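First up is the structure itself, then whatever we jot down about it.
The values are calculated or read from the model by the stated rules, or taken from the named source; none is laboratory data. Everything quoted here is computed from the prediction, not taken from an experiment. Cβ sites come from the backbone with ideal geometry, for glycine too, and all protein chains shown count toward neighbours. Just the protein is used for accessible areas: all its heavy atoms, side chains included, with ligands, DNA and RNA removed. Shrake-Rupley method; radii C 1.70, N 1.55, O 1.52, S 1.80 Å.
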Amino acid sequence: MKTLFAFFLLLVTCNSVMGTIPAIPADVHNHQLYYTAPATIWEETLPLGNGRLGMMPDGGVDREHIVLNEISLWSGMEADYGNPDASRSLPAIQQLLFEGKNKEAQELMYSSFVPKKPESGGTYGNYQMLADLNIDFSFPHRRKTTSENDAAPVTDYRRWLDLRDAVAYTSFTKEGIDYQREYFTSRDKDVMIIHLTASRRRALSFSAQLSRPKQGAVSMLPGIGKEEGTLLLEGTLDSGKPGREGMKYRVAMRLISKGGKQNISAERGITLTQGREAWLVLSATTSYAASGTDFSGNRYKEVCDSLLNAATQHVQIKESHIASHRTFYDRVSLTLPFTEDDVLPTNERITRFTERESPALAALYYNYGRYLFISSTRPGSLPPNLQGLWANGVETPWNGDYHTNINIQMNHWPLEQAGLSELYQPLTALIERLIPSGEETARTFYGTHAQGWVLHMMTNIWNYTAPGEHPSWGATNTGGAWLCAHLWEHYQYTQDIEFLKRIYPVLKGASEFFYSTMVREPKHGWLVTAPTSSPENAFFVGNDPTPVSVCMGPTMDVQLLTELYTNVIEATSILECDADYAAKLREALDKFPPMQISKGGYLQEWLEDYKEQDVHHRHVSHLYGLHPGNLISPDATPELANACRETLNRRGDGGTGWSRAWKVNFWARLGDGDRAWTLFKSLLYPAVDPQTKRHGSGTFPNLFCSHPPFQIDGNYGGTAGVGEMLLQSHEGFIHLLPALPKSWHTGNFHGMKARGGISVDLEWKDGKAVKAILTATIPGIFHVKMPEGVIRAKAIIDGQSNNYTGKTISLSLPEKGECVLSFE
Ligand code: FUC
C-alpha cells in the first residue's frame, strides 16, 4: 500500500507541476498504460486513433518517432479472380470426396479451384502504414561544451496513455527544464495533434519531417500572407495493373507556435527555433471512395486557423475530443481486485503477472480492448483489420487484411456487450459491399446453379470473395455465413427491426448459396458442404502419411450453417415473409449431419473421425458451436459440452495470441472461471524474450496481442473473454457471473449489455452476486438465472417488490424500466 500511496503522490505532484494534466482518478491503474522510458520497439509505442487516422508515438527524448496510419490506405484494386476451371472440376472434386480420396480431391483443387490471376490486371494489395513522422529536438545548454551537453541527464521521464481521455503524454526534465508532449487524434476535427511545451522560454527547438519507406514525395505549400506554410507528403500506391494508378494519399502538417521562429522547407521539414509552446497539426486522406472523406483533406486548416487566432482554442479542441471519446468509453466500467503490482509501469506489470496474478490487469485489458475498438473504427469508416488501424510498414503481415475464418469475427466479439453497438456499422457496410462480388464468385466457382453470394476465408477493401490461393486453407467457404452471425447478433442486442429488414436479404443470400450448393454425401445421405476445410487444420486419411485439409461437411460448417438457416427462418417469421423458403430450410436442416463425439471422447472436427496432423492446432473451429455460437452448453447439451472440455484439454492451453484468447471464451462458456483465468494468463504471457528479444505468443509491452507478430484479434478476443466470464446472455436468459475465477472474488461492473436490449450493473462480494440493476433499453420480459450460491432474490420494479427462490427470475420491464435485484 505504501508504494501505491507513493505512486498517487507522484501523480498528484506531476499534475501540479505540469498544470495541464487532468486530475488522476483513484482507479487510474484500470485506465492507464505508463512507462518510465521511451519505447525501444514499435510494440511498446502507444496507439491513438479516431477510427480512421492513427498515430503511435514512441516518446523518444532526442528524436520522437511516430508512425501514422489511415485505415483505407491499401495497394491493389478491385479485380476479377474468376476461374471457370473451378466449376468445371467441381463434380470431379466432389466425387473424389465421396470416394474418400481427399488427397486426390485436394490435388485437383490445386490446379483448378484457385483464384485466377486477373487477366486485366490488378492485385489483392495490402494495408500499409501512412507515414513516419520524426521530430528531432535540440535542447538549450547551460554550459557550452558539447561533451557536457551530451551528458545532460533526463529525469522524471514518464510517458503514458490515458484510456479514458484517449490522450497520450510524454514528460521529462532536462537541465532543469520540464518538457511535455501531448498527443491525440480528434474525431470531430478529423486531425492528429501534438502539443509540445517547455517550462522555460526559448527552450523548445525541433525539426519535424514526414517520410515514407516507399511512394512518398515531400513538398511544401507556402502560407498565404502571415500564415506559415504546410508540409505535404503525397504518393500513389501500386494497383497491380500497368497504367492504372492505385490509391492516392496525402498527409499535411502545419506548425502553430507561441514564440520562437518557424521555418519550413521540403528538405528539412518544419523547424521551430527557441519557442515555448507549439502544436503540430496533421491531417491525412486517401482516394478510397467508400471512406466518404474529402480527398482535399483540408480540415486541418480550420484547426490551424483557430489555434492561430487563440492558442487557448487548444483546450477547447482537446476537451471536445475527450468528450466525444467518453461518449463511448464511459458506457461501461469494470472493477476487479487489485494488488500493489498494479502501480508498476505497464511493461513491468505484465512481467510481474507471470509470477503473481492481479485481477485488475484483466480490468485494464478489458478497458484497453474497448479503447482500441473505439479508436480503430467509427461509423463511416472501415472495420478494424488484422492490426486494427495500426501498421508500421508497407508490407503488413498477412496483408493486414480481413481474414474471415476467425480474425475479423474475433475483432467484433466484445462490441455489443461493451455497449459499442453502433461500431458494427463499418462491418455491416463492408459485408453489404461484398455481395455483388460474392454473387459472381458463387456462379464462377460453383456453377450457374449456385444462388446467393459466397465469401471464402479472406477479404480486403476491394471486395475480394474468391477462395484463398492455397486450397489447404483457402477452400473454406463459410466466411460469409460466419459474418451473417454477426449481423444477427447485432439484431439480437438491439432488436432493431429496420436493421433486420436491411440485412435480411444479406442473410437470405448467404443461405441461398449453401441451399443451392450443398450435396448429399453417400454414407449417410447427410447434406454437406463440399469441397471445404476446417480452418486451417489438416488430417490423415487411413494410413496415408500425407496430411490433407480438403474435406466435406466439417463440424464447423455444420454449426455455422445450422445457425444461419435457423436465423433466416426466425427472420422470416419476424418479418412475415418467405414462409415457403423457410419451410425448405427447415427440411434441409433435418438432413444436416449431427455433431459427433469421437471415440477419444472429444468433439469430432470432421465428418469422419480422422486423426489430426496437429493435436495442438491453434484453430479450434469445431467448437464454434460452444463459442461464439450457441449450439452447445453445459446445461442444454451436457455430453457435447463434455466433449468440448476433452477437445480443449487435448488442444492444450498454448497456441498463438488469438487462439489463447478464444480459449478464454470457451472456458467461460463452459462455466470454468479458473480455467478461463489460466488461459487469460497465457494470453498475457510477455511476448518479448528478455534474452533474445525474439517475439513469441502473448502480449507486447504496449498490451498489443502477439500472434506473433502483433495481431489485434487477440486483444478483442481477450476483451470478450473477460466479458463472458462476468455476464452471458446467449441462452435466452441473463447469466450473472457465469465463470468467476476465485481470485476475482469482489468487484463490480456497470453498463454491460445483454441480448434482448438490456443494460446490466452488478456488484459482487466474496464470489457471490450482491446487487444488480437492470435497465431495459427495449420493453420486454427478461429472464435472469439465479446466480450461483444465491438462495433468494428480491426484485424492486417501480417501487413494487417481489421475492424469488426458484432457478429463474422473470422480469417484465417497460422501456427504460429499471429493476433493482438484491441477492441473499
Ligand atoms: C488465419 C490464422 C493465422 C493468422 C492469419 C492472419 O489464417 O490461421 O494464425 O492469424 O489468419
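Conditions tested, residue by residue: (1) over 23 Å from ASN460 (Cβ atoms); (2) out of contact with any helix residue (DSSP H, G or I) (no Cβ under 9 Å at 6 or more places or on another chain); (3) assigned to a strand (DSSP E or B).
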site	(1), (2), (3)
MET55	yes, yes, yes
ASN69	no, yes, yes
MET77	no, yes, no
ASP80	no, no, no
ARG88	yes, no, no
GLN95	yes, no, no
ALA105	yes, no, no
PRO115	no, no, no
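For the list (1) under 25 Å from ASP766 (Cα atoms); (2) open to solvent by 50 Å² or more (accessible area, probe 1.4 Å), I need the number of the one condition that GLY806 fails.
(2)
Is one or more of the residues making up the range 264-284 crowded, with 23+ Cβ neighbours inside 10 Å, in contact with an Asp or Glu (Cβ under 6 Å, 6 or more places away or on another chain) and not acidic (Asp, Glu)?
yes
Kindly list, by first and then second residue, each pair from a residue in the range 431-450 that is closer than 14 Å to SER516 by Cβ to a residue that is open to solvent by 70 Å² or more (accessible area, probe 1.4 Å), limited to pairs with Cβ atoms under 8 Å and residues at least 6 apart or on different chains.
Filtered contacts from the range 431-450: ALA442/GLN451; ALA450/ARG443.
Taking the range 578-588 as the search range and keeping residues that are among the aliphatic types (A, V, I, L, M) and open to solvent by less than 40 Å² (accessible area, probe 1.4 Å), which one is farthest from the ligand (Cβ to nearest atom)?
So, considering only residues that are among the aliphatic types (A, V, I, L, M) and open to solvent by less than 40 Å² (accessible area, probe 1.4 Å), the one farthest from the ligand (Cβ to nearest atom) is ALA582.
Looking at the range 437-464 only, could you name the residues that are among the polar types (S, T, N, Q), surrounded by 24 or more Cβ atoms within 10 Å (Cβ to Cβ) and more than 16 Å from the ligand (Cβ to nearest atom)?
THR441
Suppose we keep only residues that are of a type in the set (D, E, K, R) and under 27 Å from ILE734 (Cβ atoms) within the range 633-659. Which one would you say is nearest to the ligand (Cβ to nearest atom)?
ARG645
Cβ contacts < 6 Å: first residue farther than 14 Å from ALA466 by Cβ and hydrophobic (A, V, I, L, M, F, W, C), restricted to the range 400-414; second residue assigned to a strand (DSSP E or B) and more than 9 Å from the ligand (Cβ to nearest atom), any location; separation 6+ or different chain. Result?
Cβ pairs passing all conditions: ILE408/TYR402.
Quick check on GLU227: is it closer than 22 Å to ILE193 by Cα, open to solvent by 40 Å² or more (accessible area, probe 1.4 Å) and not in a strand (DSSP E or B)?
Against the criterion (closer than 22 Å to ILE193 by Cα, open to solvent by 40 Å² or more (accessible area, probe 1.4 Å) and not in a strand (DSSP E or B)), GLU227 qualifies.
If you check every pair at least six apart or on different chains, which have Cβ atoms under 7 Å apart with a residue in the range 202-216 that is open to solvent by 50 Å² or more (accessible area, probe 1.4 Å) first and a residue that is in a strand (DSSP E or B) and among the β-branched types (Val, Ile, Thr) second?
As it stands, the answer is GLN215/THR236, since those pairs meet every condition given.
Among the residues of the range 809-820, is any open to solvent by 60 Å² or more (accessible area, probe 1.4 Å) and of a type in the set (A, V, I, L, M, F, W, C)?
Checked against the condition, which is being open to solvent by 60 Å² or more (accessible area, probe 1.4 Å) and of a type in the set (A, V, I, L, M, F, W, C), the range 809-820 yields no hits at all.
Only residues that are within 15 Å of the chain's Cα centre (by Cα) and acidic (Asp, Glu): list them for the range 418-441, please.
GLU422
The rows are residues; the columns are (1) without any contact (Cβ under 8 Å) to a residue 60 or more places away in the chain; (2) under 27 Å from ILE408 (Cβ atoms).
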residue: GLN316; (1), (2): yes, no
residue: SER320; (1), (2): no, no
residue: HIS325; (1), (2): no, yes
residue: PHE328; (1), (2): no, yes
residue: ALA362; (1), (2): no, yes
residue: THR377; (1), (2): no, yes
residue: GLY380; (1), (2): no, yes
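So, LEU133, is that one in contact (Cβ under 8 Å) with a residue 60 or more places away in the chain, on the phi < 0 side of the Ramachandran plot, in a helix (DSSP H, G or I) and surrounded by 15 or more Cβ atoms within 10 Å (Cβ to Cβ) or not?
Criteria not met by LEU133.
Take residues that are open to solvent by less than 10 Å² (accessible area, probe 1.4 Å) and more than 16 Å from the ligand (Cβ to nearest atom) and tell me which of the helices (runs of 4 or more DSSP H) falling wholly in the range 297-416 contain 1 or more.
299-309, 313-329, 346-353, 360-376
Please enumerate the residues belonging to the range 660-685 that are away from the ligand (no atom under 16 Å from the Cβ), open to solvent by 30 Å² or more (accessible area, probe 1.4 Å), of a type outside the set (S, T, N, Q) and in a helix (DSSP H, G or I).
Answer for the range 660-685, where residues must be away from the ligand (no atom under 16 Å from the Cβ), open to solvent by 30 Å² or more (accessible area, probe 1.4 Å), of a type outside the set (S, T, N, Q) and in a helix (DSSP H, G or I): ASP674, ARG675, LYS681.
Residues of the range 794-824 being within 12 Å of PHE782 (Cα to Cα), without any contact (Cβ under 8 Å) to a residue 60 or more places away in the chain, part of a strand (DSSP E or B) and not hydrophobic (A, V, I, L, M, F, W, C), which ones?
SER810, SER812, GLU818, listed by residue number.
Please give the number of the condition ALA538 fails out of (1) over 20 Å from TRP482 (Cα atoms); (2) touching a residue at least 24 places away in the same chain (Cβ under 8 Å); (3) over 32 Å from the mean Cα position of the chain (by Cα).
So the condition that ALA538 fails would be (3).
Taking the residues in the range 687-746 that are among the β-branched types (Val, Ile, Thr) and within 20 Å of LEU364 (Cβ to Cβ) as candidates, determine which candidate is farthest from the ligand (Cβ to nearest atom).
In this case the residue turns out to be THR746.
Among the numbered criteria (1) more than 24 Å from PRO471 (Cβ to Cβ); (2) outside any strand (DSSP E or B); (3) open to solvent by 10 Å² or more (accessible area, probe 1.4 Å); (4) modelled with pLDDT of 95 or more, which single criterion is violated by ASP150?
Here ASP150 meets the rest and fails (4).
Give me the helices (runs of 4 or more DSSP H) completely within the range 469-577, filtered to those with at least 3 residues that are more than 16 Å from the ligand (Cβ to nearest atom), ordered by residue number.
Per the criteria, 479-494, 497-517, 555-575.
When you scan the range 609-622, do you find a residue that is crowded, with 21+ Cβ neighbours inside 10 Å, over 22 Å from TRP473 (Cβ atoms) and more than 16 Å from the ligand (Cβ to nearest atom), even just one?
no
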